[in-house]
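The values are calculated or read from the model by the stated rules, or taken from the named source; none is laboratory data. The shown structure was predicted, so the numbers you read here are calculated from the model rather than taken from an experiment. Here the Cβ is made from the backbone with ideal geometry for all residues, glycine too, and neighbour counts use every protein chain on show. Heads up: the accessible areas ignore ligands, DNA and RNA and are worked out on the full protein's heavy atoms, side chains in. Shrake-Rupley method; radii C 1.70, N 1.55, O 1.52, S 1.80 Å.
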Amino acid sequence: MTPRIDALQYANWSEKIFRQMRAGGVDAVHVTITYHENFRETVHNIEAWNRWFERFPDLIFQGFDAGDIARARDTGRTAIFFGSQNPSCIEDDIGLVEVLHRLGMRIMQLSYNNQSLLATGCYEKDDTGLTRMGREVVAEMNRVGMVVDMSHSGERSTLEAIEHSARPIAITHANPAGWHPALRNKSDTVLRALAQSGGMLGFSVYPHHLKDGGNCSLASFCDMVVRTIDLMGAGHVGIGTDLCQDQPDGVVEWMRSGRWTKRVDYGEGSADAPGFPAMPEWFRDNRDFGRIADGLRDAGLGAEDVGAVMGGNWARFFAQGFGPPDKGGGE
């Protein structure tokens, strides 16, 4: 059997959620450990995860390379891979890329909605592409084996990251803009370039990224997956739910506003609906991964392609992307 992998979650972690991961057969999850936090604050978050690993070793463990996905399956646990949704954690010091990689960070976004020191976010009016530091950091991420993630970046910056990176990059949680024109979703131009370079797209079930929001049907979502496979190929897509289970609304305010503004930024929400949106009824938590697999089969995908989308593609991509090149991507 192919593994089941989610390429992005930011839940309010608890024993309940870890047990739901096991009930859903989720072998590996890329978890956001930091948004706007600086380096020391990110280390503090890693310390908190170390306590989770100590308390629940029968349910979860920290993943460092793609081989840990198979180890998770063999031992009935979930491998947790660390990632950052913003480069704030490296501050203005390229040397912290390697330090964080040694601490287990395996994926980092170059921007989160706004302009960063590295690239332009998707909410900026003008996208100036990768900065000088951005090009250097991408090269350093390539060297150590940290995946470049452009989920919240603007179009030009994303295309330049695809072109500049020596390793395939990822968009871990987004959907095609042609299906639902959210600022965070990606154009066919980006998706074609991503696939042609060997990169990966993780389909998001976060309501703001879905056609009809929380009322999006499973059939609509799965039909979108099939159409995207027609565009990109079956080997370049997976799941990146962007699940924010059990988080209080104050967390989404931190995600959107951070420390960069004194005002409330509503991001993809609004003053009338400032909090987390309601999830679609077919995906409430990790126990519902099987429903997505069933929906993909109903949409016409064969067993091999369903397995690839549900985790096989991410397992292959992580083997290529994690770890230094001279060790075969960490394997």
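Work out, step by step, the length gained on full extension between K262 and R143: first 0.36 nm times the residue separation, then minus their alpha carbon distance; give nm to one decimal.
39.1 nm
For the chain, with every protein chain kept in place, what is the accessible area per residue (1.4 Å probe, Å²)?
40
Would you calculate a helix-derived [θ] at 222 nm for the chain, using -39,500 (n - 2.57) for each DSSP H run of n ≥ 4 and dividing by the full residue count, to the nearest 500?
-11000 deg cm²/dmol
Can you tell me the relative contact order of the chain? Whole percent, Cα pairs under 8 Å, sequence separation 6 or more.
Result for the chain is 21 percent.
Which shape class, rounded, prolate or oblate, goes with the range 112-156 when its Cα gyration tensor gives a ≥ b ≥ c as root eigenvalues, a/c under 1.5 marks rounded, and past that a/b bigger than b/c marks prolate?
prolate
I'd like the distance separating the alpha-carbon centroids of the range 106-161 and the range 214-283, in whole Å.
Cα centroid to Cα centroid, the span is 20 Å.
Taking every DSSP beta bridge with both residues inside the chain, roughly what % is antiparallel (nearest 5)?
DSSP beta bridges in the chain are roughly 5 percent antiparallel.
If you place +1 on the Cβ of every Lys and Arg and -1 on the Cβ of every Asp and Glu, how big does the dipole about the Cα centre of the chain come out, in debye to the nearest 20?
Value, rounded to 20: 280 debye.
Sorted from largest down, give the three principal axis spans of the alpha carbons of the range 10-60, whole angstrom values.
Extents along the principal axes: 34, 19, 16 Å.
Please work out the Kirkwood hydrodynamic radius for the range 1-107, using every pair of different C-alpha atoms, and report it in angstroms with one decimal place.
Numbers: mean 1/r = 0.0711 Å⁻¹.
One decimal place: 14.1 Å for the Kirkwood radius.
Roughly how large, in nm² to one decimal, is the mean projection of the convex hull of the alpha-carbon atoms in the range 172-233?
For the range 172-233, averaging the hull's shadow over all directions gives 3.7 nm².
If you split all Cα-Cα distances of the range 38-83 into 5 Å bins from zero, what percentages do you get per bin, shortest first?
Answer for the range 38-83: a P(r) of 6, 23, 26, 21, 14, 7, 3, 0 percent.
Measure off, as a whole percent, the carbon and sulfur share of the 1.4 Å-probe accessible area of the range 130-202, all protein chains present.
That fraction is 50 percent.
Mean-square fluctuation check for the chain, GNM, Cα pairs under 10 Å: which of D272, D242, D288 is largest?
It is D272.
From Cα coordinates alone, what are the radius of gyration and Dmax values for the chain in angstrom?
Calculated on Cα positions, Rg and Dmax stand at 18.0, 52 Å.
Leaving out ligands, DNA and RNA, and with a 1.4 Å probe, what % of the accessible surface on the range 240-291 is carbon or sulfur?
For the range 240-291, the apolar C and S fraction of the accessible surface comes to 48 percent.
Who wins for biggest fluctuation among G250, G24, G295 in a Gaussian network model of the chain, springs between alpha carbons below 10 Å?
G250
Over the chain, with a Gaussian network built from C-alpha contacts below 10 Å, which listed residue (Q109, Q320, Q196) shows the highest mean-square fluctuation?
Most flexible of the set in this elastic network: Q196.
Inverting the mean 1/r over all pairs of different Cα atoms, compute the Kirkwood radius of the range 55-206 and quote it in Å.
One over the average 1/r among Cα pairs gives 15.9 Å for the range 55-206.
Might you report the magnitude of the Cβ-based charge dipole of the range 70-115 about its Cα centre, with Lys and Arg at +1 and Asp and Glu at -1, to the nearest 20 debye?
440
Rounded, prolate or oblate: which fits the range 229-331, taking a ≥ b ≥ c as square roots of the Cα gyration tensor eigenvalues, rounded meaning a/c under 1.5, else prolate when a/b beats b/c? Please list the in-between numbers first.
On the way: a/c = 2.68, a/b = 1.46, b/c = 1.83.
Oblate.
Taking amide H positions as placed 1.01 Å from N in the peptide plane, with prolines and chain starts having none, which residues 5 or more places from G121, or on another chain, fall under 5 Å of its amide H?
Hits under the 5 Å cutoff: N114, Q115, S116, G154.
How big is the charge dipole of the range 13-147 about its Cα centre, in debye rounded to the nearest 20, if each Lys and Arg gets +1 on its Cβ and each Asp and Glu gets -1 on its Cβ?
Rounded to the nearest 20 debye, it is 500 debye.
How high is the FRET efficiency from E54 to L117, r the C-beta distance, R0 35 Å, rounded to 0.05?
E(calc), rounded to 0.05, equals 0.50.
For the range 54-129, what size does the Cα cloud have along each of its three principal axes, sorted from largest down, in whole Å?
Over the range 54-129, Cα extents along the principal axes are 48, 25, 22 Å.
Using +1 at the Cβ of each Lys and Arg and -1 at the Cβ of each Asp and Glu in the chain, identify which of H36, N50, I292 lies farthest towards the dipole's positive end.
N50
If you take all C-alpha pairs in the range 81-170, what percent of them are over 22 Å apart?
Across the range 81-170, Cα pairs with separations above 22 Å total 14 percent.
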